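Everything below concerns the one structure shown next.
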Amino acid sequence: MNSPLTALPMAQPVPEGAGSFCLPSLNQDFVCGHLETPVGKIPKVESILERRDRLGHFRVRWNIGRDTFTVEPGLYALSCPNTDSPVLVTANYKLTFDLLRQALDGFSCWILVLDTKGVNVWCAAGKGTFGTEELVDRIQASRLHEVVKHRRLIVPQLGATGVAAHSVKQYSGFSVHYGPVMLEDLPAYFRNGNKAEPGMRLKQFPLKERFVLIPVEIMQALQQGLPVILFFLLSAGFFGNSSFFNMLIVHGLPPSLAVLSGIIGGTIFTPLLLPWIPGKAFSMKGALCGLLLFLLVLLPLYGADTHYSSLEKSSWLFICLAVSSWFGMAFTGASTFTSLNGVRKEMLIGLPLQFAALTVGTVMWLTALWLST
């Protein structure tokens, strides 16, 4: 019998082995046992997180081991589910998986984990890895129809953009029901007969959620920003007409501060002040925060002695605005304020402007440095 995947319209050919029977390993460190089912031993997990789980959460918040913080795709048993227990679908990013099971304390259910390449549900839906084809594939690979009597799946609402419910029903026989936006609303959702109240359909982006994004954004920004800072410092030191360290401090430090100000403006000020910054475009919000940091950090240098020409001083502003706009725009992928089409449209406009500003600022600075020799 052919897999239903072979008839499912896909943007790419069906991968070899798609839909083949496969269960997750029992040897993963968060697995606390197994549950015997007609299809074999299903890994069992609990809602209480261990110290190593929380340590892993802290590490990935700081972008440490982020790319490998995953669970094996497939079917898991939370507590002691039976053939009538609900089936919840999630991503194989371990932070998402852990927060889901933690929110279901006191409940027994099945968790079907899709292979989203270690990306959370919201981002994976936009990228296509949390999608119809992967869901149908995972249903068949887990032999889910042999494990449960019902044919209902609870899919995160934030994953709806990647899942075509009618296609899932057509090719797997399972109907898709979209759960509440927030994980903490799942217990109330279940007690309400699997119905979401209107408030459960609204996604807010409060200060707490914006704050927890800052560490990983800072670490990623420093990975990109430090080579740029090193370029300015070394260029000033080697190509100046004075001693290496004197030129590094006098002419290399200001553009380096401009880059750092841009990083702070884009990764810290932008998310914290997001609702109050004028404009809709995140690139513009980031630029405005960069301007604020520029006024606080670099404007005082405008009154310094004749070390700095007008051309060199102007270059700092272009550099700072370009960097802050770039990192501010990164939050389009973390906020439901934006749509996928909106993100693409903003990037088409913002990226050329950011590149142009950084190029102009760098050329102005190099020219000023050359003229000073």
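The values are calculated or read from the model by the stated rules, or taken from the named source; none is laboratory data. Treat the numbers as computed from the prediction; the structure is a model and nothing was measured. Please note: Cβ atoms are built from the backbone with ideal geometry, for glycine as well, and neighbour counts cover all protein chains shown.
A few notes on this one:
- Entry remark, region 197-212: residues being at pLDDT 90 or above and among the aliphatic types (A, V, I, L, M) number 1 in total.
- Selection over region 261-283 of residues that are buried (at least 17 other Cβ atoms within 10 Å of the Cβ) and over 19 Å from Q224 (Cβ atoms) gives a count of 3.
- Residue pairs whose Cβ atoms lie under 7 Å apart, sitting 6 or more positions apart in sequence or on different chains, and linking a residue in region 165-185 that is more than 13 Å from G131 (Cα to Cα) and surrounded by fewer than 21 Cβ atoms within 10 Å (Cβ to Cβ) to a partner that is modelled with pLDDT of 95 or more and polar (S, T, N, Q), are K169/S175.
- Among residues of region 194-208 that are touching a residue at least 60 places away in the same chain (Cβ under 8 Å), those with a beta-carbon under 6 Å from a residue that is surrounded by 12 or more Cβ atoms within 10 Å (Cβ to Cβ) at least six positions away or on a different chain give the pairs K203/V181; K203/T336; F205/S335.
- Which numbered condition I229 misses (of (1) farther than 27 Å from R344 by Cβ; (2) buried (at least 17 other Cβ atoms within 10 Å of the Cβ); (3) in contact (Cβ under 8 Å) with a residue 40 or more places away in the chain): (3)
- Any hit, region 63-72, residues being assigned by TED's automatic domain parsing to the domain that holds D29, assigned to a helix (DSSP H, G or I) and of a type in the set (K, R): yes
- Residue check, F130 among the hydrophobic types (A, V, I, L, M, F, W, C), surrounded by fewer than 23 Cβ atoms within 10 Å (Cβ to Cβ), in contact with a Gly (Cβ under 7 Å, 6 or more places away or on another chain) and in contact (Cβ under 8 Å) with a residue 24 or more places away in the chain: no
- Within region 73-94, being part of a strand (DSSP E or B) and of a type in the set (A, V, I, L, M, F, W, C) holds for L75, A77, L78, V87, L88, V89, A91.
- When F97 is tested against the conditions (1) closer than 22 Å to V148 by Cα; (2) in a helix (DSSP H, G or I); (3) out of contact with any strand residue (DSSP E or B) (no Cβ under 9 Å at 6 or more places or on another chain), the lone failure is (3).
- The set of residues in region 57-86 that are hydrophobic (A, V, I, L, M, F, W, C) and surrounded by 13 or more Cβ atoms within 10 Å (Cβ to Cβ) comprises V60, I64, F69, V71, L75, A77, L78.
- Among the conditions (1) under 17 Å from A357 (Cβ atoms); (2) of a type outside the set (S, T, N, Q); (3) surrounded by fewer than 21 Cβ atoms within 10 Å (Cβ to Cβ), the only one that L222 does not satisfy is (1).
- Residues satisfying the stated conditions in region 35-62, i.e. without any contact (Cβ under 8 Å) to a residue 24 or more places away in the chain and not in a loop (DSSP other than H, G, I, E, B): E36, G40, K41, R51, R52, R54, L55, F58, R59
- Residue pairs whose Cβ atoms lie under 6 Å apart, sitting 6 or more positions apart in sequence or on different chains, and linking a residue in region 347-373 that is farther than 13 Å from P255 by Cα to a partner that is not aromatic (F, W, Y), are G350/S283; G350/M329; Q354/A322; Q354/S325; A357/L321; A357/A322; T373/N241.
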